[in-house]
Amino acid sequence: MTAGVGGRGAWGVLRRPGRPFLVLCGVESRKRGSATPPPPGGAWEWDAAPSPGGERSAYAFLLELSDAFRTLEDEREVGRLATRLLCERLGAGMAFIGEFDDVDDSYSLGPGHSAQGQPVPSGTVQPSRSRELMDPLDEGPHVVDDVAGHPALPERVKRDLLGAGIAAFVTVPLHRGPRRPIWSLSVTSPVPRVWHESEVMLVGEVAERTWSAMERARSAAALRASREELARVNRRLERANRELARMNQELERQVGERTEALRRSQLRFQQAFEVSPVAACITTEAEGRVVDVNRAFSRLTGHAPAEAVGRTIAELGLWASRADRDAMDAAVAAGGPFEEVEVRLRCRDGSYRDVLASGDRLRLDEDYGWLRLFLDVSERKRSQEELMRAIKEVMADTTWFSRRLVERLAQVQGRPEEGSGVDLLSDRERQVLARISQGMTNEEIAAELAITPRTVRNHLANIYQKIDVHSRAEAVVWARERGLTG
């Protein structure tokens with residue numbers, strides 16, 4: 001190998017038998033490279049003076065260095081070991097490693113070793129601000145025997161280097177491609193020193209092996225970190241799986257409990273539905289198609305379950321009139337529960353029953369339906385009608401009863417809303433009706449109002465027509481129901 005020193009150049013040459021070869025060439029790596037290995041089947045030829053390392057050969061030193069690397073797992077420990085052994089081998093003051101980052105325009109220093117106890121350069125610098133030291137690395141090793149006397153170094157750089165205890169240095173780069181160094185190994189001396197070709201070559205060989213060892217340590221560390229992270233992920237997954245299994249068991253238990261509760265609720269509803277004394281049926285919401293009926297429904301309407309289920313209420317002809325059908329449709333259309341809608345049902349045998357219909361919306365599998373209840377009030381209504389007929393017959397001549405008794409009889413018929421229909425009457429008609437409710441005769445009313453009895457009769461005819469009554473007794477009851485008593 002030949003190496004330019006001082007004013008003779010800043011890079012070295014290895015000689016392979018028959019032709020010269022550069023120490024370090026392109027490297028197949030994104031951020032790190034390696035020097036060109038020795039030729040197959042042989043070793044590099046050393047054409048300079050042997051290293052001042054004594055009898056121990058450079059090969060033995062490199063072998064010892066490689067063996068030492070195998071025991072280390074941390075990349076910085078690899079760097080510290082390589083720089084320490086290289087300092088001892090060459091009798092240098094310091095050795096340290098640098099790493100380039102083209103993206104950030106940075107050059108990170110360390111790890112390293114100092115034989116004199118001086119601080120090892122560390123931290124990060126910008127190569128663009130240190131062109132005098134960095135640019136030569138684009139071509140190969142940068143060798144300086146005497147910093148103070150080197151003509152290519154500016155005074156500012158000389159002061160900085162000498163202030164750091166660097167009077168001579170060798171920096172060997174590893175390249176990713178032409179003019180793209182990615183990593184370097186520097187050896188320095190506190191005093192001016194001529195660097196022999198074999199020393200520069202040894203620094204290059206150590207640089208290659210150190211970089212390879214640090215890459216292996218980084219890869220091993222990344223692999224360990226990946227395995228540890230994978231183990232942590234697996235542990236988290238196992239915990240999550242255990243928790244998921246526990247939650248599934250709890251969910252299955254809750255589903256089982258709720259399913260059983262639902263089954264029991266459905267059973268209770270079905271039992272109550274069947275044995276209820278009130279006629280009931282369940283219909284779909286959209287069509288009003290019968291889904292189920294109870295025994296009371298069959299007794300009331302005469303329609304057996306087999307006959308009713310599957311048919312609509314309209315097909316059964318259940319409503320006695322259009323008014324009854326409209327009343328039920330209006331109650332259902334409201335969308336909420338309804339109670340005691342008075343309608344008439346047409347039974348299977350053609351008879352009619354008066355009922356109070358109630359209902360509520362309920363869930364049918366994936367759809368909705370209606371539960372309809374029909375309370376038979378036919379007998380009660382018949383009794384009320386008979387009672388009202390008897391009252392009207394007795395009240396045909398109110399002159400036989402006291403005012404209080406007439407009011408009580410009117411209450412038996414049921415009091416409508418106060419004032420309902422009164423606004424249909426004129427003032428004179430109200431005066432006439434009020435006096436009729438007091439039991440006065442036509443002649444007495446005519447005398448009191450200063451009109452003729454015939455006019456009283458005409459007013460009575462108009463009153464009967466407007467309030468829809470047919471007798472004096474009904475008019476009296478109607479007036480007392482609405483408070484027209486004087």
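Each value in this text was obtained by applying a stated rule to the coordinates, not by laboratory testing. All figures in this text were calculated on a predicted structure; none of them were measured in a lab. Don't worry about glycine lacking a Cβ; one is built from the backbone with ideal geometry, like all the others, and counts go over all protein chains shown.
Points to keep in mind about this one:
- Relative contact order %, the range 276-376, counting alpha carbon pairs below 8 Å whose residues are six or more apart: 29
- Footprinting exposure proxy ranking of Tyr107, Tyr464, Tyr59, fewest other C-beta atoms within 10 angstrom first, gives Tyr59, Tyr464, Tyr107.
- Convex hull projection area averaged over all views, the range 294-351, Cα basis, nm²: 4.4
- Of the two radii for the range 104-249, the radius of gyration is 1.24 times the Kirkwood radius, both from the alpha carbons; that is the Rg over Rh value.
- Rough spin-label spacing in nm, given labels placed 7 Å along Cα→Cβ, for Leu364 and Glu274: 2.0
- Compactness relative to 2.2 N^0.38 Å, alpha carbon Rg of the range 234-326: 1.86
- Ala261 paired with Ala314, simple spin-label distance in nm, labels 7 Å along Cα-to-beta-carbon: 4.1
- Sum of side-chain charges, Gln270 neighbourhood, beta-carbon under 12 Å (Lys, Arg +1; Asp, Glu -1): +1
- Proximal charge balance of Ser351 [Cβ under 15 Å; K/R count +1, D/E count -1]: +2
- Taking the square roots of five times each eigenvalue of the Cα gyration tensor of the range 276-376, the equivalent ellipsoid has semi-axes of 18, 16, 12 Å, listed largest first.
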